[in-house]
Each structure stands twice: as C-alpha cells, then as structure tokens.
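Single-structure report; data block below.
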Amino acid sequence: QVQLVESGGRLVRAGGSLRLSCAASGNYFSTYAMGWFRQAPGKEREFVATIDWTGGGTDYADSVKGRFTISRDNAKNTVYLEMNSLKPEDTAVYYCARARSGQASTSRFSYNYWGQGTQVTVSS
C-alpha cells in the first residue's frame, strides 16, 4: 500500500519562501513520476509541478514557473517543492501525488495515489 505524507505548509508573508516535503511509503518509489497539485477554497484542484522518475524531467504551471522548483531524493523516497516569492494567490492546500508511470504529467488523471495535503497560507 502506498502512502504519501506531506509536510512543511504554514502561514508565510508574501515574498517569503517555503519548502514542502512529501514522504512516500511502499516500494519502487524511484520508478514513478511524482506531482504537486493545489486546491484553493471554492476552486478545482490544479496542477503545480511534476517530475519524472529520473528527476531530470520537470514541468510547471505557468503561474509558478520561475518561482517554484520540484525535486526528488529517491534514496529517501521523498519529493520536494521549493516555493519562493510567494504570493497571496498561492494560498491553497497542496497535495502530493504519485503517477501511474515514470512519465511526468500535468493531468491529475495520471495520478492514482494522493496525500492528505498540507495548508499553505500566504498573507499580504
């Protein structure tokens, strides 16, 4: 059984930085792509960032390009989301997800395991 546990979310001021972590249980973590999504109140869950199984392929939502960086440590079964220059519109619950394959994907339908989420609140 795969479990994903996010951490690192908190209240931060606009312009600040945070690093989210997602620890994965289960085998073969290094063979699957991983992704970060977020959901703000009253809005649909949206794609934020994805990384392929090698760590060499990444993609980002336009709204976070140049500010967020996704990375992974396969030895620790952990994926990270480094968030800089945070804006109030980044406020959301952030979810980590494991893809069905090693290929990075921006579609939430490509992911079959999800964490419980971690709250990020950016004050103006």
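The values are calculated or read from the model by the stated rules, or taken from the named source; none is laboratory data. Since this is a predicted model, take the numbers as computed values, not measurements. Here Cβ is always computed from backbone atoms with ideal geometry, including for glycine, and neighbour counts include all displayed protein chains. These area figures cover heavy atoms from the full protein model, side chains too; ligands, DNA and RNA do not enter into them. Shrake-Rupley method; radii C 1.70, N 1.55, O 1.52, S 1.80 Å.
In segment 107-121, which residues are open to solvent by less than 70 Å² (accessible area, probe 1.4 Å) and either assigned to a loop (DSSP other than H, G, I, E, B) or in contact with a helix residue (DSSP H, G or I) (Cβ under 8 Å, 6 or more places away or on another chain) (or both)?
Those that are open to solvent by less than 70 Å² (accessible area, probe 1.4 Å) and either assigned to a loop (DSSP other than H, G, I, E, B) or in contact with a helix residue (DSSP H, G or I) (Cβ under 8 Å, 6 or more places away or on another chain) (or both): SER107, GLY115, GLY117, VAL120.
Working only within segment 7-40, note down all residues that are aromatic (Phe, Trp, Tyr) and surrounded by 14 or more Cβ atoms within 10 Å (Cβ to Cβ).
PHE29, TYR32, TRP36, PHE37
Can you name every residue in segment 54-84 that is farther than 19 Å from SER7 by Cα, touching a helix residue (DSSP H, G or I) at 6+ places or on another chain (Cβ under 8 Å) and buried (at least 18 other Cβ atoms within 10 Å of the Cβ)?
Once the filter is applied, which keeps residues that are farther than 19 Å from SER7 by Cα, touching a helix residue (DSSP H, G or I) at 6+ places or on another chain (Cβ under 8 Å) and buried (at least 18 other Cβ atoms within 10 Å of the Cβ), segment 54-84 yields only VAL64.
Name the residue that is least open to solvent (accessible area, probe 1.4 Å), counting only residues in segment 85-105 that are in contact with a Gly (Cβ under 8 Å, 6 or more places away or on another chain) and of a type in the set (Ser, Thr, Tyr).
TYR94
Within the set of pairs 6 or more residues apart or between chains, which connect a residue that is over 12 Å from MET34 (Cβ atoms) and of a type in the set (Ser, Thr, Tyr) inside segment 46-70 to a residue that is open to solvent by 20 Å² or more (accessible area, probe 1.4 Å) and not in a loop (DSSP other than H, G, I, E, B) with Cβ atoms less than 6 Å apart?
As it stands, the answer is THR69/GLU82, since those pairs meet every condition given.
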